[in-house]
Amino acid sequence: MPTELVNKILDSDVLMPLIMGAIAVTWVVFGTISGTIRAVARERTKREIAAYIAEGSMTPEHGERLIRAGRKEDVC
């Protein structure tokens, strides 16, 4: 019984869609993890800039420029 299943999986009609599905799932998982890490880092940076502004070692204008510095804006 298990050998029949292995033979069916190794059949080219089943193997390629299985590999493509595994690649797609992996891509989605890593994309989600990457986006989450990026969002957490962005929020941490905003909190640190806000702390510097609150303690008076940075002006609000300078903090705003720092936050906007890495942003991609449409230039038309």
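The numbers here are math on the coordinates, done by the rules we state, and not lab data. The model shown is predicted, which means the values in this text are computed figures rather than measured ones.
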Hey, in the GNM for the chain with a 10 angstrom Cα cutoff, which one of 65, 38, 47 fluctuates hardest?
65
Which residue, 25, 14, 40, tops the fluctuation ranking in a GNM of the chain built on C-alpha contacts under 10 Å?
14
Ratio for the chain, C-alpha Rg to 2.2 N^0.38 Å, reads 2.11
Would you calculate a helix-derived [θ] at 222 nm for the chain, using -39,500 (n - 2.57) for each DSSP H run of n ≥ 4 and dividing by the full residue count, to the nearest 500?
-28500 deg cm²/dmol
